[in-house]
Amino acid sequence: MRRSTQLATLTVAALLSFSPSVAGYLSQTYQRYSLGHSDLSPAAVEAALEAQGPALGPPSAPLLDRYTARLEEYTQALDALEVSGARRVRLLERYWQVYWQAYELLGAAQASALVRMLATETRNQAPELGRHSAFASPETALASSLRWLEFIRWVSALPPGSPDLEQVLSARSPVRLAPGAVLGNARWIMRAANATRLPHGVLAAIVDNEQAGSQQVYGIAGAMRSFADTVAWRTAQVYGSSGLSGRISQTVGLAQMSWKDALGQRERFEALGIRLGVPFPETEAQARALLVRPYANLVFTGSRLRGYLNALSDDDPLSMRPHASAWTYFVGPAWHNNPALASSGETFAYAWNGFFKAALYQRLIPAYLRAEQGPVAQAQRSLPGYSSAATSSSAGG
């Protein structure tokens, strides 16, 4: 009896250790450390900042006007950190470098969103504010921005049908990516984004953040989370409620959507005209069973996110207006992962990486799907024994 009690205690402790909330906290702590420290020593930071990137022509008048409009935010953030002298001059030079490269690569709107994000992150580093920040210094935040821009530029130059695309993306990314989960569900992501009137890159970034997080601790976190989800689902099926197991595991599936939040989306689904082909869930067991399906998980995730974005924009809660602004690329993944921090304007690793992932996948997914539909891909699919990650992972959606 004593051994059974000890085993049960250890099992519950293990599940708690890798529950979505605890695992998320540990993963964010790890990501903050890795963002601020992994091969970004002072020398590496300076080397990254010294990299000139592609040759850029003389700045246009519209570019300079937009830059001037955003510059005040960053200078105020430097004031909050009491940065002055030669260091301030270097930071302003690097800030201009990031903006110019982002403008040429991502366009005016996303470039403005990026430097707004930089100003917010830099301001949050002021110790007296006691706020979360992704980095320990403005220099490291700028270096990370340049590394992400370089990566997105490199990916944009790849042929969409490149063999081993998932592997090369994972190998070159500035942080851990989960491209298999995103590209393998690319059609469901596009469909859910269209249904909820959101940029598909934002939903893709949410999926990547959640699935990359599950790969922490050699994948044990994801395996334990999946096990906890299954236990909670089966318990809810038998008893009508998941009880203790449900407190350990409240989120489910591809984008780690809360089953409780899913039950609250009925009115928004009706407003958006979303149909799942099955009755809307009314119980925990029904919601959990539905959320294991990729499309259902994503469309519930998008609907929940719309509720926040509608409130942020002072829209009606059931507004159907598309949310396509560049700032959505930052606040969308941030709010999905940690509503409290995102709503209070704090910055953290998931939010920071989410912006760049959203910008990356917004460009990559359409090209990837076009390549999947191309004549070469169709010929490959006709060969005996052909299997596709996109086909297999989206089954049952």
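Looking only at residues in the stretch 66-117 that are touching a residue at least 60 places away in the same chain (Cβ under 8 Å) and open to solvent by 50 Å² or more (accessible area, probe 1.4 Å), which one is farthest from Ile152 (Cα to Cα)?
Arg116
Report, ordered by the first and then the second residue, all pairs with beta carbons closer than 7 Å, sequence separation of six or more or different chains, a first member in the stretch 323-336 that is over 13 Å from Gln110 (Cβ atoms) and not assigned by the TED database to the domain that holds Glu210, and a second member that is among the aliphatic types (A, V, I, L, M) and in a helix (DSSP H, G or I).
none
Do any residues in the stretch 187-201 that are closer than 21 Å to Ala371 by Cβ have Cβ atoms under 6 Å from those of residues that are assigned to a loop (DSSP other than H, G, I, E, B), where the two are at least six apart or on different chains, and which pairs are they?
Note: pairs meeting the criteria are Trp188/Ser394; Trp188/Gly397; Pro199/Ala324.
From the residues in the stretch 150-174 that are acidic (Asp, Glu) and farther than 18 Å from Gly107 by Cβ, which one is most open to solvent (accessible area, probe 1.4 Å)?
My answer is Asp164.
Do you know which of the residues in the stretch 229-281 that are open to solvent by 50 Å² or more (accessible area, probe 1.4 Å) and among the basic types (Lys, Arg) is modelled with the highest pLDDT?
Arg266
Within the stretch 331-347, how many residues turn out to be under 16 Å from Val175 (Cβ atoms) and open to solvent by less than 10 Å² (accessible area, probe 1.4 Å)?
3
All but one of (1) under 27 Å from Ala61 (Cα atoms); (2) surrounded by fewer than 18 Cβ atoms within 10 Å (Cβ to Cβ) hold for Thr120, so report the exception by its number.
Just one mismatch for Thr120, condition (2).
So which residues in the stretch 259-309 are over 17 Å from Thr196 (Cα atoms) and either in contact with a Lys or Arg (Cβ under 6 Å, 6 or more places away or on another chain) or free of Cβ contacts under 8 Å to residues at least 40 places away in the same chain (or both), if there are any at all?
Across the stretch 259-309, the qualifying residues are Trp259, Lys260, Val278, Pro279, Pro281, Glu282, Gln286, Ala287, Leu290.
A quick yes/no check of all residues on (1) at pLDDT 95 or above; (2) out of contact with any Phe, Trp or Tyr (no Cβ under 6 Å at 6 or more places or on another chain):
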{"residue": "Glu121", "(1), (2)": "yes, yes"}
{"residue": "Ser162", "(1), (2)": "no, yes"}
{"residue": "Pro179", "(1), (2)": "yes, yes"}
{"residue": "Arg187", "(1), (2)": "yes, yes"}
{"residue": "Ala193", "(1), (2)": "yes, yes"}
{"residue": "Gly201", "(1), (2)": "yes, no"}
{"residue": "Ile206", "(1), (2)": "yes, yes"}
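The values are calculated or read from the model by the stated rules, or taken from the named source; none is laboratory data. Source: prediction; values computed, not measured. Cβ atoms come from the backbone with ideal geometry, glycine included; neighbour counts cover every protein chain shown. Each accessible area value is taken on the protein alone, full model and side chains, heavy atoms only, with ligands, DNA and RNA left out. Shrake-Rupley method; radii C 1.70, N 1.55, O 1.52, S 1.80 Å.
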